[in-house]
1. Here is a list: A:185, A:179. Which entry is within 14 Å of ligand 3 (Cβ to nearest atom), under 17 Å from residue B:142 (Cα atoms) and in contact (Cβ under 8 Å) with a residue 60 or more places away in the chain?
2. Could you give every pair whose Cβ atoms fall below 7 Å, whose first residue belongs to region B:31-56 and is under 26 Å from residue A:49 (Cα atoms), and whose second residue is within 16 Å of ligand 2 (Cβ to nearest atom), counting only separations of at least 6 or pairs across chains?
3. Pick out the one residue from B:408, B:450, B:435, B:468 that is open to solvent by 30 Å² or more (accessible area, probe 1.4 Å), within 26 Å of the chain's Cα centre (by Cα) and free of Cβ contacts under 8 Å to residues at least 60 places away in the same chain.
4. Give me the pairs: first residue in region A:46-64 and on the phi < 0 side of the Ramachandran plot and within 7 Å of chain B (Cβ to nearest Cβ), second residue within 16 Å of ligand 2 (Cβ to nearest atom) and part of a loop (DSSP other than H, G, I, E, B), beta-carbon distance under 9 Å, and six or more apart or on different chains, which are they?
5. Of all the residues that make up region A:20-45, how many are open to solvent by 50 Å² or more (accessible area, probe 1.4 Å) and on the phi < 0 side of the Ramachandran plot?
6. Residue check: is residue A:196 more than 30 Å from residue B:93 (Cα to Cα), surrounded by 24 or more Cβ atoms within 10 Å (Cβ to Cβ) and away from ligand 4 (no atom under 16 Å from the Cβ)?
7. Given the structure, is residue B:174 open to solvent by 10 Å² or more (accessible area, probe 1.4 Å) and at negative phi?
8. Every residue in region A:158-170 that is over 9 Å from the mean Cα position of the chain (by Cα) and assigned to a loop (DSSP other than H, G, I, E, B), please.
Amino acid sequence: MRKITFKIQRFDGQESWIQEYTLDHQPGKTILWALIQIKETLDPSLNFTASCRHAICGACAVRVNGQATLACETPLDKMLKRWESDTLILEPLQNFKLIRDLVVDWEPKAERLAELKPWLMPKDEFNKESGCRQSPEDFKKINKNSDCILCGCCASECNKLSGNNSDFLEPFVFTKAQRFVADSRDKNPVERLSAAINHGAWKCQHCQECVTKCPKGLSPAEDISNLRQEAIAKGLVEHSGVRHAKAFLDDIQKTGRLNEGMMAVKTDGLVKSIGNIPFALRLMSKGKLNPAHMFPKPIKEVAEVRAIILAVKESEKARNIANAKRSEAHTNPDIQRPKEAAK
Amino acid sequence: MLKFDILVIGSGGSGMQAALVASSQQGLNVALMSKVFPTRSATCCAQGGTNAVLKNADPTDTIEKHTFDTVKGSDFLGDQDAIEFFCEHMPETIRELDYYGVPFSRLESGTIAQRPFGGQSAPRTCYSSDKVGSVILHTLYEQCLKNGVNVLVEWLLLDLVVENDRVTGVVAMDMKTGEIQPIMAKTVVLATGGAGRMYWLRTTNPFASTGDGMAAALRAGVALKDPEFVQFHPTGLAGTGILMSEACRGEGGYLLNNQGERFMKRYAPEKLELATRDLVSQAIEIEIKEGRGFGEGMQAYVQLDLRHLGREKILERLPQIRDLAITFEGIDPIDQPIPIRPSCHYSMGGIDVTDYRTCGTDLKGLYATGECACLSIHGANRLGGNSTADVVLFGKVAGKAAAEAAKTLDFGSEQKVNELVRQWENSFSSTVARTDGPSVASIRDRLSETMWYNVGVFRKESEMKKATQIIDELIAEYKKCVVGDPSKIYNTAFVQYTELGNLLLVAKAVVMGALNRKESRGSHKREDYMNRDDENFLKHTIISKQGSQYKLSYRPVVVTKYQPVERKY
Ligand SMILES: Cc1cc2nc3c(=O)[nH]c(=O)nc-3n(C[C@H](O)[C@H](O)[C@H](O)COP(=O)(O)OP(=O)(O)OC[C@H]3O[C@@H](n4cnc5c(N)ncnc54)[C@H](O)[C@@H]3O)c2cc1C
Ligand code: SF4
Ligand code: SF4
Ligand code: FES
């Protein structure tokens, strides 16, 4: 009989350890099935949460070999195949306070969620008695982001959050904020936008972990860049001060990260004030900054600009390869990373 | 000691509505308690939609039509005064949800989109793609954040405290610390959801639907009404019970037997697949019984065919359904029919609410709303889209009434609640210390098999007598049950142990009601009494518990406009 081994991170409130459980392999099962099987047949003291068992309640997110995922919808066989191993490592989500075993604390997250005022502020033309109006096109703009089930997978793998969570919020918080900014019924997108800026919208590291981990196919990273673009479009940068604009330029210079927000910048003034054209070109090279938007007047030497972009792209390549190697190591199941105990 | 003017238990659609309304009143101290983080509540599972006569998709729709559809759907067991009240107040409730920010799908005119649903004479089911419950639940949670509602997250209600014929508080476990806590409250609203998990794997319900509030009410001397009426949804995935929404049939899906026949034409020639759930579930089970299903025994199924709807419509209108079928059954409905079988979906019965205008019960200070309550507006069979509607409307009704009542009441004594806390502490210690006895899962599995085979879609006396006996045995064995985890911190084994105790108590009431209702009505289909019997059974079952004994009585149904007639679709 084929045996599957689960190395599960346990935590009793004080101590943390890895415990091994072995189950007979059964085809067509999920990670949640394995957890339930372990609890019911091997060890009732193993704790995890799950409720709907079909990817809608968000209760069952855990890390499987270092990747956050919904236990209920993750096929066991797919994992065994992907990792080419009959041993899987199960851990609680990262970037959450740990309660016990695979159970993490959502209460502090609720407080952080509230920071961006994620609730509808209905326009004055609407009222409680007759509700609102919205076109099907405008509904489409909020339909996707309303899929967020607050599972926390994005937050678990967010590199920025792991590095420092004091000046940044969980990716899903920005996704929620973007949902209200995009809602045609809402009268106060600016309030959410400036809150997003104040809570680190420029600090996202564009690692795309949130995008690849979201079980609902959402793109918090894209939402964050939309929030930034929107902030600039709404004049928020000039408005709430050069402070943000400058912070954002500083960021680029420090990290060399691109800055899609610039797409919306239509003033010569800001372009000139960048003062450091190579950085702007690096942004363009990643396709995130449209030169046509950078230079509001038609550009004559398009070819020349393209050539420069190409050159910058080349120089980026080496760095990308290095990054890819690093992230490979990050997700390799055979590499056991030291575990933090309860934070 | 924690003290609240109003304590709401359960943070599904109903509980959050109650807490929001109560906390909007000045000077009242309100708390909302839930054993799961609010957005994990069963309400998030609702896919199809919510009924209200908005006349957006059909200007000829009327409150009277919604009322009649609901009365007829209930097989005339619903109380017509409550149903009138319900249908009349639904439109304003939906518009308010729109104002709160629920992202409803829209018509070109900008109004809320509505779709047809089983058992309804007009397209009046408001939807949001196929995730209406999730977006309602999240929107209400957003409103709770906005209004700073005090939420006790991951607190488990253990018991209600009753003193001098009124509720004075509760005993609850703070799951994160494992502390068993006394809480005083002037009024308590129960919004703890259904009890579908008594059928364990053959249910669409999430793990948390274990009838905790219903059982706590029973223990506190409050009766359950019509518990025998358990709705079986016709289209649960064959393997897991995971729901394929009614929208599949609403959007035009076919049900096929192993001859490739649309068999519903023999059971409901006019409505076909859009007949009510009870009729469709029974039809499927007959097809399976008579050999026209696929597979055998517990694995048997019929097919839900969406292929003719075309790729585009499936992707646009039923994307989640498609995802579920692919993930959990390995089937893409664009190319293949989906294997389905009826699964326990909804508890029509519940805590006996004696005044639908307040959601009040016979116990002073105790209110019940949502799936755990029985008003009764769903009678013997709930229409699709009427539960989320019930939940969002009557949550408000209960919250408001509980707040009003709290203004006139004082706190009870601390002695009684402390005494009950000590009892639970002792029970915790002795229970988790046990190392020898049956496991929680083994008792649970026997309960669910007993219920599915003997008190399922079809019922008969001999089988139900057997079920009664087995459940009594299981209740006795439960007392010796092994939890297997002595720890206090987030002890899910102990939580599941208490949930099983609740399921057993409620299941016993389900069987008692079913055994004594010698007729077939709505979801309650007796093989030995095939017809509805208005002369003897146009009445609500009322079951209460005294010690270990259950007491059965009946109460007349309220009939206003619609005299019972035979139900045909
Ligand atoms: C898969 C599925 C699909 C559905 N689709 C539809 C649909 O399309 N349209 C429709 O109208 N209806 C639908 N329903 C039915 C509807 O969703 C539910 O009946 C309704 O949402 C119940 O809401 P509620 O507020 O009563 O309770 P729930 O949402 O069930 O919430 C119960 C709450 O009580 C809490 N709780 C329970 N016990 C305790 C305890 N001991 N201590 C503390 N807290 C406790 C839970 O944590 C939870 O917060 C569907 C149901 C399911 C399962
Ligand atoms: S892209 Fe940004 S938000 Fe997303 S995981 Fe990376 S750092 Fe976090
Ligand atoms: S954005 Fe996606 S990954 Fe993040 S909480 Fe929402 S559903 Fe989960
Ligand atoms: S159990 Fe609900 S999302 Fe997995």
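1. Working: A:185 fails: within 14 Å of ligand 3 (Cβ to nearest atom).
Answer to the selection: A:179.
2. Qualifying pairs under 7 Å: B:39/A:150.
3. Numbers: B:408 fails: within 26 Å of the chain's Cα centre (by Cα); B:450 fails: open to solvent by 30 Å² or more (accessible area, probe 1.4 Å); B:435 fails: within 26 Å of the chain's Cα centre (by Cα).
Among B:408, B:450, B:435, B:468, only B:468 is open to solvent by 30 Å² or more (accessible area, probe 1.4 Å), within 26 Å of the chain's Cα centre (by Cα) and free of Cβ contacts under 8 Å to residues at least 60 places away in the same chain.
4. A:57/A:151; A:59/A:151
5. Residues flagged as open to solvent by 50 Å² or more (accessible area, probe 1.4 Å) and on the phi < 0 side of the Ramachandran plot within region A:20-45 amount to 10.
6. Numbers: more than 30 Å from residue B:93 (Cα to Cα): yes; surrounded by 24 or more Cβ atoms within 10 Å (Cβ to Cβ): yes; away from ligand 4 (no atom under 16 Å from the Cβ): yes.
Against the criterion (more than 30 Å from residue B:93 (Cα to Cα), surrounded by 24 or more Cβ atoms within 10 Å (Cβ to Cβ) and away from ligand 4 (no atom under 16 Å from the Cβ)), residue A:196 qualifies.
7. Answer is yes for this residue.
8. A:164, A:165, A:166, A:167, A:168, A:169
The values are calculated or read from the model by the stated rules, or taken from the named source; none is laboratory data. What you are looking at is a predicted structure, and each value in this text was computed from that prediction instead of being measured. Every residue, glycine as well, gets a Cβ built from its backbone with ideal geometry; the counts of neighbours run over all protein chains shown. Calculation scope for accessible area: heavy atoms of the full protein, side chains included, ligands and nucleic acids excluded. Shrake-Rupley method; radii C 1.70, N 1.55, O 1.52, S 1.80 Å.
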